[in-house]
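Presented below is the structure to which this report refers.
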Amino acid sequence: MIMKYILSFLLILSISIIYKYFEINNHKGLVIRSTIQIKNKTWVNYNGAIRISPDAIFEPSTLEDLINIVKLARINNKTIRCAAQGHTVSSLSVTKHYLVVITKLNKITVQKHFKYGWTVTAEAGTPFEDIDNALRNHDPPLTLDSEAIFGIFRVSGVVAVGAHGVKTTSGIVSDQLCSMKIVTGSGEIREFSEEINQLEFNAAKVNLGLLGIIYSATFRAQPMYNLRLTDIYVPVKWLNNPQNIKNLLESSDGIQVYYWPFNGFNQSDSNLRDFNKDRIVVKNWIRTNEPVSFTQQQLEQLHEIERQKIIKEYTLISSNLQNPETVSNVAATVLSDNVDTSFVYQAPDAIHYCVHEGSAKYDLMEIGFKVNTDFSNVAAEFSHAIQTLYEFAKKGKFPLNHLIDFRIIKSSKALLSPTFNHDPETLYCQVDFMAVTGTPGYEEYTALLAQRYFDKYKAKPHWGKRWEFIPNVTSYLSDVLSDEIKQFEKVREKYDSDKIFFDNESLQDIFNGVLC
């Protein structure tokens, strides 16, 4: 008798699962083979801060899948958000309805181009390191001019949020685009390019997922070249002369200045926290015809050494978050070699100099502001960020334990880019704050600095990093982005009039603050 009840229960359960599958997957002939059943399924971003269980999770592998997903959403009155590698730590991918994870869209095509010489088209889920390898092995060898630091980042994730690279003149990665294809709210595939419509292209280049699902992006490529990457350790007082930054930038293809917290700390020193004993690392990239310094095999060995350092640093800090002072300078101790270096790499290897280790989880906030012509505000604000860290330390707070860094990036015409400006010669300073996830006081420290940048420079946050915790940030962004949002909305309304992709509370608050 018991067995009879068990069999009856299993039959009913099987029927309900099958019914649910067809309810999600099969409607008026639409069959989405790439759907993951949602029961007990969640999607988690890279650092575990975002965990969602939407109505359905899709992993499309073809353009046809994308089109059918949008049609299914329209039929079932659902909204859609997208995710790539999961390194977005803001809420941009959060949805209660349909989440589209595009990592299986990863085809690459290299082609001749009448205007640009060579271009490369990559589907939305393609990691940039795969693009690098396809171009490197092409005849002739090619490369992109600028990319994000980590090669594992995927095309749509980088493009949608306006992520930037290391080369100043190349701007955000989206500015390397020739065209892109998006499946819009009607379920149709649309191409966006400068030749077709300049305004629409400027909206699409940083679209925050509001125009549809990115299917592919076509980037300009160029002959492979080498870059000399140099690291120099200098006293923090180097920042006292802004001309140092200006001179370095004028003689380089790109620069980055970064700081390991409390790196001058010495246990035997009675003056435990002496700001003037700290050093910063000045990094620059210069194009060169010199041969590379390492073989690919040697590079892999060096990367493994760096990866082990990151694991060690993260393990030490994350296991002592309740006693943050004891690990406040671990990053400097473990990661910093304190030795000047200068080596030559192929362009993509120089750009992706930083090794990614997936087990190391960090909180990330980045704010960008316009650079004064004499670079005085860049020097002043970086010094202030370090000094503020010391002020927190005097109160027994150690809110940052990985690094602070800045890069200088030229402006973009992409409407929602944090570096948007009509003047192509305008430069922006992008200041990045990284701490092991869960570090006490991180939000207090970074919100304080963000508010300072907002008040002084009308600065803007990096969309893909943390910003929603900053007090009154949505109303602030409504104000500073008002003109750009009004232009963007004309394009968004045209391609998603039913707001299928407008499923994000923060973006709704920002847009409504302008449009309502």
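The values are calculated or read from the model by the stated rules, or taken from the named source; none is laboratory data. For clarity, every value in this text was computed on a predicted model and none was experimentally measured. Quick reminder, even Gly has a Cβ in these numbers, built from the backbone with ideal geometry, and neighbours come from all protein chains shown. Ligands, DNA and RNA are stripped out before the accessible areas are found, and what is left, the full protein with its side chains, is counted by its heavy atoms. Shrake-Rupley method; radii C 1.70, N 1.55, O 1.52, S 1.80 Å.
How high is the relative contact order of the stretch 368-459, in percent, counting Cα pairs under 8 Å that sit 6 or more residues apart?
Contact order relative to length: 36 percent.
Give me the one-decimal nm value for the distance between modelled label points at VAL234 and ILE189, 7 Å along each residue's Cα-to-Cβ direction.
5.0
Be a star and scan the stretch 107-121 for residues whose amide nitrogen sits under 15 Å from the point 7 Å along the Cα-to-Cβ vector of ASN137.
Only 107-110 fall inside the zone, counting backbone N under 15 Å.
Leaving out ligands and nucleic acids, and using a 1.4 Å probe, what accessible area per residue does the chain come to in Å²?
Solvent-accessible surface per residue comes out at 43 Å².
Counting alpha carbon pairs within less than 8 Å and at least 6 residues apart, what relative contact order, in whole percent, applies to the stretch 101-210?
18
Return one number: the angle in degrees, 0 to 90 and rounded to the nearest 10, between the long axis of the Cα atoms of helix 505-515 and the longest principal axis of the Cα atoms of the chain.
Computed tilt is about 90 degrees.
For THR388 and THR315, what does the FRET efficiency come to when R0 = 35 Å and r is the distance between their Cβ atoms, rounded to the nearest 0.05?
Computed FRET efficiency for THR388 and THR315: 0.80.
Treating only the Cβ of Lys, Arg, Asp and Glu as charged (+1, +1, -1, -1), what charge dipole size does the stretch 179-331 show about its Cα centre? Round to the nearest 20 debye.
240
Quick check on packing: order 61-68, 121-128 by the mean number of other C-beta atoms within 10 Å, highest mean leading.
121-128, 61-68
Using a Cα distance threshold of under 21 Å, what count of lysine pairs results for the stretch 158-293 when pairs must be 8 or more residues apart or interchain?
For the stretch 158-293, the number of qualifying lysine pairs is 8.
If we count every other residue with Cβ under 9 angstrom of LYS458's Cβ, Lys/Arg +1 and Asp/Glu -1, where does the sum land?
After counting each charged neighbour, the total is +1.
To the nearest 10 degrees, how steep is helix 296-318 against the longest Cα principal axis of the chain, on a 0 to 90 scale?
With both axes taken from Cα atoms, the answer is about 90 degrees.
Give me the net charge of PHE153's neighbourhood, meaning all other residues with Cβ under 10 Å from the Cβ of PHE153; Lys, Arg count +1, Asp, Glu -1.
Summing Lys and Arg as +1 and Asp and Glu as -1 gives -1.
What net charge is computed for the residues neighbouring PHE192, neighbours being all others with C-beta under 12 Å from the C-beta of PHE192, Lys and Arg scored +1, Asp and Glu -1?
Surrounding charge for PHE192 is 0.
Given charges of +1 on the Cβ of Lys and Arg and -1 on the Cβ of Asp and Glu, with all other atoms neutral, how large is the dipole of the chain about its Cα centre, in debye to the nearest 20?
That gives the chain a dipole magnitude of about 1140 debye.
Just want to confirm a number: the relative contact order over the chain, from Cα pairs under 8 angstrom separated by 6+ residues, in percent.
Averaging sequence separation for qualifying contacts and normalising by length gives 16 percent for the chain.
Distance cut-off 30 Å, Cα to Cα: go down the list LYS312/LYS413; LYS71/LYS413; LYS312/LYS465 and report the pairs above it.
Pairs exceeding the cut-off: LYS312/LYS413; LYS71/LYS413.
Helix 442-457 sits at what angle to the longest principal axis of the chain, using alpha carbons and giving 0 to 90 degrees rounded to 10?
The two axes meet at around 80 degrees.
Test of the criteria: in the stretch 396-477, which trypsin sites (Lys or Arg not before Pro) are in a DSSP loop and have at most 14 other Cβ atoms within 10 angstrom of their Cβ?
Sparse-neighbourhood loop trypsin sites (Lys or Arg not before Pro): LYS458.
Where the centre of each part is set by its Cα atoms, how far does the stretch 335-370 sit from the stretch 74-94, in angstrom?
Using only Cα atoms to place each centre, the spacing works out to 28 Å.
Classify the stretch 324-393 as rounded, prolate or oblate, taking a ≥ b ≥ c as the square roots of the eigenvalues of its Cα gyration tensor: rounded when a/c is under 1.5, otherwise prolate if a/b is larger than b/c and oblate if not.
Here the stretch 324-393 falls in the oblate category.
Working out 0.36 nm times the residue gap between ASN512 and GLN111, then minus their Cα-Cα distance, what length gain in nm do you get to one decimal?
Extending this stretch completely gives an extra 140.2 nm.
Treat each spin label as a single point 7 Å out from the Cα along the C-beta direction, and report the MET224 to LYS456 distance in nm.
4.4
Per DSSP helix of 4 or more residues, -39500 (n - 2.57); summed, then divided by the residues of the chain. What does that give at 222 nm, rounded to the nearest 500?
Mean residue ellipticity, 222 nm, calculated: -10500 deg cm²/dmol.
Given the C-alpha centroids of the stretch 189-243 and the stretch 455-516, what is the distance between them in whole angstrom?
20
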